[in-house]
Amino acid sequence: MKKSMSTPLDLSRWRKVPLLLTAGGGLVALLGLLVNREQFAFSWLLAFMFFLSLSAGALFLVMAHHLFDAGWSVPLRRFLEHLANLFPWLAVLFVPIALLAPTLYQWMSLDPHLDHALHAKQPLFTRPMFYAVAAICFGVWIFLSNRLRHWSLEQDRSGAALPTHRMRFYSCVGIFLFAITLTLAAIMWMKALQHQWFSTMYGVYYFAGSVWMTLGTAYLITLVLDRQGVLTDTLHDHQYYFLGSLLFAFTVFYAYIHFSQYFIIWNGNMPEETFWYVLREKGTWWWVGMVIIFGHFFLPFLALLRIDVKSMFGFMAPLCGWTWLMHYLDLSFNIMPVKHPDGFVLHWIDLGCWAFMAGLLTMIFLREYGKHPPYPLKDPRLVEAMGFAHPIPTQISGGELDECDDTPAVHPEVQGGRQ
Amino acid sequence: MNNAPKPYGIIAEFRTAADILHAAEKVRDAGYQKWDVFTPFPVHGMDRAMGLKNSKVGWFAFLGGVAGYTTGMLMIWFMNALDYPLVVGGKPMFSPFYAFPPSYELTILFGAFGSLFGMLFLNRLPRLYHPLLKNRRFALVTHDRFFLVIECADPKYSEAQARKLLEEAGSRHIEMVED
Amino acid sequence: MAARATPLTIPEPPAELQRPLLVDNYRSFGWISNRVCSLTEGKAPVWWWVLFIPSVLALGMLLFMLGYQISTGVGVWGNMHPVMWGWDIINFVWWIGIGHAGTLISAILFLLRQRWRTAVNRAAEAMTIFAVMCAGIYPALHVGRVWYDWWLFPIPNSNSIWPQFRSPLMWDVFAVSTYFTVSVLFWYMGLIPDLAVMRDRARTRIRQFAYGLFALGWTGSNRHWSNYEKAYLILAGLSTPLVLSVHSIVSLDFAVSQVPGWHTTIFPPYFVAGAIFSGFGMVLTLLIPLRSIFKLEDIITLRHIDVMCKVTLATGSIVGYAYGMEFFIAWYSGSPYERFAFINRALGPYWWGYWTMIVCNVVVPQLFWFKSLRRNLVVVFIISILVNIGMWFERFVIIVISLHRDFVPANWGYYSPSWVDICTYVGTFGLFFTLFLLFIRFLPMIAISEVKGVTPQSDPHHPLGGAKIKEMALHE
């Protein structure tokens, strides 16, 4: 399958797209800020939460790779590390939200003595704490992603075992910090739009959607890098198969989380919880909810059910693009009903903010990716990822991959010999 | 009564997974159809070495699952909304939400039946009599030996050729099995 | 884009990062069959009788207690207003939670390609089935009039009223019975090739007949293996959402209500994580002694124990996140009832239950961060028992503490179990251990053909090469 697409595509005419997106989107967003400040704030938040998903998901995948001592995902780890290292830029992109917070968050302009739901949340729901939480979250994320990439690049030079141990250490500590900070971020930046509402599942909910969409993105990036010959030598069909399987798993996981949240609130039928969903069943929001049920779950679920489709690129590439659309709609379903309670609106400022961030972050990502080796050159598990060694025999279970080619045609020289 | 034993096939013993895999590739390339490989555990890559197609078990499981989900939803709708509607807890007579958990369980239950019984059906099991099971040496197949059997019913079968092929493949022990 | 970099030579991993073998000491295929099958052959050892006889006695006590409860009524339990769910539901959730590790090991780890699972999955699945049997007793009994249990099934009855599917009780019926059935199917399917091993080794007529019958005429044909492996994969794929759904549905028994401390959206995944956590505790409790007694150190290696400790640590931490989240949202919600429920957990009359839970489930497993402790069998064994205790207390906290003080102080009360509760619970251990001891006596407690499949010589493409290692083992 891969052999047939060995000639790299000419991507030169796409090279200007990120710049155009940044400039065009930036202009539209700026215009939006001047024309309609409130709409701009919501549009910006939506776009921001979307791209935050990507970096958070990438950071999670990198940490999961180390925690599981995985082998197959080594070639993908470098671009995931770069995606996670967009956090400093996301912190910059957070500035407009920090400035426009009083426009976005109703609770900021309420008197806690007159509002019980707000009063109960003192001192977390005060302005200083809002900024402190943001600082802590970004501090943790920047620190973790920076350390993980640092040691990964260090291993490119030395090939020693120490960086692996360091990365494992940061992942062990990091997964705790990540769980807490991502939950706080989802609560403070999204759930707090309606501060009266509460759900213990919310952090997990944002996490599930984020990782789902990141997996789709990772599949696409792998595909492009493979096609361009950058990763070709380090990949074989397993990477696509496993990424597809994980995408399938997170399709189900997201649905499980969202269904559980909805179902428990539906059954409990308590007004202090149901109002959140009642708002989201009004007007065209009801249809958005249907699109999420069928498009975020049923379509990818049924599409990915078969084993072989996970390495059919013509099929998977559109599906991965679809994850972006669905995740955007899902976040819109969370954020926008506060601004547009009557129904779904796709505002031109939404598009501007999204395009600006997409272009800017893509440019930074490409620059970073070009600066460093394209995959962890001397990772001890690389040889496994390439399929040249089966350290644990028949790692692939169930004969499920006998259909695709998982035994390399040519064995490379292995230093030191494995006889 | 004709009690003369009919030959069933020729059986060749191998000692390692790599040997049997390469032998299977040779037999496949020689164009035999009614032949099989017997191993103590599933050997990785053997399906390709034998030229087997993807197993059909998935369809049984899928159809079982669809049947289970439909059964669950229809059953609950019939019982709670059509045949004997009762207002309980202010909830609608029928809603896909509350009907989901039992329907989901039935999906899995029927899907599991589909996969196990589909597997048994495709393998024509249980089959308590098999000519190979009479062979004393063949009992080692569940222990640590690997066997390749070419049946006499194969259109290309000729004992001399089959024996030669299996000897070339490296078998140290070849014998005939009777039906 | 970066320049194309082709590694023609691949560095050898540093020695400390080499992956260890799953079966130690390069054991041959024959050794694995002999080692595992010999456990079921010959006379039962003395220790087996020493354990079996008390188990059967405890089982007898269980039967007596059930008879007493059925003939007298649920009043013999300690359940009393306002705590109408007591040890019955605690033990139901506890036992069924223990079962979950078996399915996690057999299904989820299979999908995650964690091949170490082959050494422990058979025993863990057996544990699942027996634990679900123990669990199933409680809901069947706590309805009070056991002879009406059949009303729970969609069977037409003389009143022509159908079961009420808006009730979580019905979801439980479907979830638990499906779980039991599918677990048995999955377990039996895994057993088929191993029963054929037993059949081919059997020397007595009875064994030949019994194993031969249940092996269904398995020959090890690759055409059969091909369908078998696909079916196994699909069953794993079906059991994974099943195991998630079963404990999720158990959690819905609580969460769809409006009781403070029960109605919270994180319950489904939190229950699932807790179930797997407790199940791994039980797997470790069972396997650490068995591994030593049966000399299975080459199959269940220290690395297996190490990995299971890590799973325990991970699930324990997820449970810790859920505890934290519940507390946080109780505060965040501003609901006075929610806030009271949680303060009452930590500082109320049952504070000891709450803090036992926190210490055993959240604090103690953190010791597994240290490799030396993960490889110290005594420490692991003690911690695994603490995990079991902690998870029992979790259900105690959720059920008893949430119920004993709800909305109206006039309704408050204090719950204590009766002697029947305690004896029934002890009796379920009798049932569990009777079945488990019979299992290790008559069936292969290690998945023989699967373990053969993870040895280096089993893989024709393995760089170590098949033949060489096999000969080494033969000369031993």
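For the range A:109-185, which helices (runs of 4 or more DSSP H) that fit wholly inside it have 3 or more residues that are in contact with a Pro (Cβ under 6 Å, 6 or more places away or on another chain) and touching a residue at least 60 places away in the same chain (Cβ under 8 Å)?
Qualifying helices (runs of 4 or more DSSP H): A:127-158.
Could you grab me the full set of residues in the range A:294-315 that are under 17 Å from A:Leu325 (Cα atoms) and exposed (fewer than 15 other Cβ atoms within 10 Å of the Cβ)?
Within the range A:294-315, A:Phe294, A:Phe298, A:Phe301 meet the criteria.
How many residues does the range A:245-277 contain that are more than 21 Å from B:Ala99 (Cα to Cα), hydrophobic (A, V, I, L, M, F, W, C) and surrounded by fewer than 18 Cβ atoms within 10 Å (Cβ to Cβ)?
Here the count works out to 1.
Among the residues of the range A:160-187, count how many are buried (at least 20 other Cβ atoms within 10 Å of the Cβ) and of a type outside the set (Ser, Thr, Tyr).
9
For the range B:103-141, name all the residues that are among the charged types (D, E, K, R), more than 7 Å from chain C (Cβ to nearest Cβ) and either assigned to a helix (DSSP H, G or I) or within 30 Å of B:Met79 (Cβ to Cβ) (or both).
Answer for the range B:103-141, where residues must be among the charged types (D, E, K, R), more than 7 Å from chain C (Cβ to nearest Cβ) and either assigned to a helix (DSSP H, G or I) or within 30 Å of B:Met79 (Cβ to Cβ) (or both): B:Lys134, B:Arg137.
Any residue at all in the range B:125-136 that's over 23 Å from the mean Cα position of the chain (by Cα) and either within 21 Å of B:Pro7 (Cβ to Cβ) or not hydrophobic (A, V, I, L, M, F, W, C) (or both)?
For the range B:125-136, residues over 23 Å from the mean Cα position of the chain (by Cα) and either within 21 Å of B:Pro7 (Cβ to Cβ) or not hydrophobic (A, V, I, L, M, F, W, C) (or both): present.
Tell me, please, whether a residue that is within 35 Å of the chain's Cα centre (by Cα), more than 8 Å from chain C (Cβ to nearest Cβ) and closer than 30 Å to C:Arg223 by Cα can be found in the range B:71-87.
no
Is the range B:13-22 home to any residue that is surrounded by 20 or more Cβ atoms within 10 Å (Cβ to Cβ), within 11 Å of chain C (Cβ to nearest Cβ) and not in a helix (DSSP H, G or I)? Quick ask: steps written out before the conclusion?
At the first step, the residues of the range B:13-22 found to be surrounded by 20 or more Cβ atoms within 10 Å (Cβ to Cβ) are B:13-14, B:16-21.
Right, trim to within 11 Å of chain C (Cβ to nearest Cβ) and you get B:14, B:16-21.
If we keep only those that are not in a helix (DSSP H, G or I) as well, we get B:14, B:16.
The answer is yes, given that some residue of the range B:13-22 is surrounded by 20 or more Cβ atoms within 10 Å (Cβ to Cβ), within 11 Å of chain C (Cβ to nearest Cβ) and not in a helix (DSSP H, G or I).
Looking at the range B:59-101 only, could you name the residues that are of a type in the set (Gly, Ala, Ser) and free of Cβ contacts under 8 Å to residues at least 40 places away in the same chain?
Within the range B:59-101, the subset of a type in the set (Gly, Ala, Ser) is B:61, B:64-65, B:67-68, B:72, B:81, B:89-90, B:95, B:99.
Within the range B:59-101, B:Gly72, B:Ala81, B:Gly89, B:Gly90, B:Ser95, B:Ala99 meet the criteria.
Scan the range C:151-163 residue by residue and report those that are surrounded by 14 or more Cβ atoms within 10 Å (Cβ to Cβ) and either more than 8 Å from chain B (Cβ to nearest Cβ) or not in a loop (DSSP other than H, G, I, E, B) (or both).
Taking the range C:151-163 first, the residues surrounded by 14 or more Cβ atoms within 10 Å (Cβ to Cβ) are C:151-152, C:154, C:162-163.
If the condition is that a residue be surrounded by 14 or more Cβ atoms within 10 Å (Cβ to Cβ) and either more than 8 Å from chain B (Cβ to nearest Cβ) or not in a loop (DSSP other than H, G, I, E, B) (or both), then C:Trp151, C:Leu152 are the ones that fit.
From the list B:Ser115, B:Ser95, B:Ser103, exactly one residue is small (Gly, Ala, Ser), under 30 Å from C:Thr103 (Cβ atoms) and surrounded by fewer than 17 Cβ atoms within 10 Å (Cβ to Cβ). Which is it?
B:Ser95
Taking the range C:184-217, which residues are within 22 Å of the chain's Cα centre (by Cα) and within 7 Å of chain B (Cβ to nearest Cβ)?
Correct list: C:Leu185, C:Met189.
Quick one: how many residues across the range C:390-420 are of a type in the set (A, V, I, L, M, F, W, C) and surrounded by fewer than 18 Cβ atoms within 10 Å (Cβ to Cβ)?
5
Could you tell me which residue of the range C:164-183 is farthest from B:Leu82 (Cα to Cα), considering only residues that are within 10 Å of chain B (Cβ to nearest Cβ) and surrounded by fewer than 19 Cβ atoms within 10 Å (Cβ to Cβ)?
Per the criteria, the residue is C:Thr181.
In the range C:21-56, what count of residues is obtained for those that are among the β-branched types (Val, Ile, Thr), within 14 Å of chain B (Cβ to nearest Cβ) and in a helix (DSSP H, G or I)?
Here the count works out to 2.
Only residues that are more than 10 Å from every other protein chain (Cβ to nearest Cβ) and of a type outside the set (Phe, Trp, Tyr): list them for the range B:61-70, please.
Scanning the range B:61-70 gives B:Leu63, B:Val66, B:Ala67, B:Thr70.
Taking B:Ser55 as meeting all but one of (1) at pLDDT 85 or above; (2) within 9 Å of chain C (Cβ to nearest Cβ), write down the number of the exception.
(1)
Condition check: at pLDDT 90 or above and surrounded by fewer than 21 Cβ atoms within 10 Å (Cβ to Cβ). Does C:Arg339 satisfy that?
yes
From the list B:Pro7, B:Pro40, exactly one residue is within 28 Å of B:Cys152 (Cβ to Cβ) and surrounded by 19 or more Cβ atoms within 10 Å (Cβ to Cβ). Which is it?
B:Pro40
Which members of the range B:146-159 meet the condition of being of a type in the set (A, V, I, L, M, F, W, C) and closer than 16 Å to B:Lys26 by Cβ?
Those that are of a type in the set (A, V, I, L, M, F, W, C) and closer than 16 Å to B:Lys26 by Cβ: B:Phe146, B:Phe147, B:Leu148, B:Val149, B:Ile150.
Kindly provide the set of residues from the range A:121-159 that are hydroxyl-bearing (Ser, Thr, Tyr) and exposed (fewer than 15 other Cβ atoms within 10 Å of the Cβ), ordered by number.
Pass one, the range A:121-159, residues hydroxyl-bearing (Ser, Thr, Tyr): A:126, A:131, A:145, A:152, A:158.
Within the range A:121-159, A:Tyr131, A:Ser158 meet the criteria.
The values are calculated or read from the model by the stated rules, or taken from the named source; none is laboratory data. None of these values were measured; they are calculated from a predicted model. Reconstructed Cβ throughout: ideal geometry from the backbone, glycine too, with neighbour counts over all protein chains shown.
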